[in-house]
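What follows is a single structure, written as structure tokens, with notes after it.
The values are calculated or read from the model by the stated rules, or taken from the named source; none is laboratory data. This structure is a prediction, so every number in the text was calculated from the model and none was measured. Using ideal geometry, Cβ is built from the backbone for each residue, glycine included, and neighbour counts are taken over all protein chains shown.
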Amino acid sequence: MEKALKACPFCGSKAELKQAHYLESELPYSYVRCVNPECSLHTNSAHFSGGSEDRNSQDAVTAWNQREQIPAMH
Ligand SMILES: [Zn+2]
């Protein structure tokens, strides 16, 4: 089951879960990013790897949702 993603803590835009593979090793990783291309969280998103795709995705979603506690920098 996929967990719901909270809105971006910085700009309030929607977030999306992405899955990809590292080119060099073909290891799967997941990350959550803000859909707003102007937002710093559009590109500066943490990668989660080392488990199955499902596991990576759950970790990425959990980390994203907890990030809301971090104050936005202006
Ligand atoms: Zn954002």
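Quick notes on this structure:
- Enumeration of residues in segment 1-53 that are among the polar types (S, T, N, Q), under 11 Å from the mean Cα position of the chain (by Cα) and in a loop (DSSP other than H, G, I, E, B): T43, N44, S45
- If the condition is being surrounded by 15 or more Cβ atoms within 10 Å (Cβ to Cβ) and either among the charged types (D, E, K, R) or touching a helix residue (DSSP H, G or I) at 6+ places or on another chain (Cβ under 7 Å) (or both), then segment 7-16 contributes C8, P9, F10, A15.
- Filter result for A4 (within 16 Å of the ligand (Cβ to nearest atom) and of a type in the set (G, A, S)): no
- Residue list for segment 45-64, restricted to those being within 14 Å of the ligand (Cβ to nearest atom) and either at pLDDT 90 or above or loosely packed, with under 12 Cβ neighbours inside 10 Å (or both): W64
- Extreme residue, farthest from the ligand (Cβ to nearest atom), among residues of segment 17-44 that are among the charged types (D, E, K, R) and surrounded by 12 or more Cβ atoms within 10 Å (Cβ to Cβ): K18
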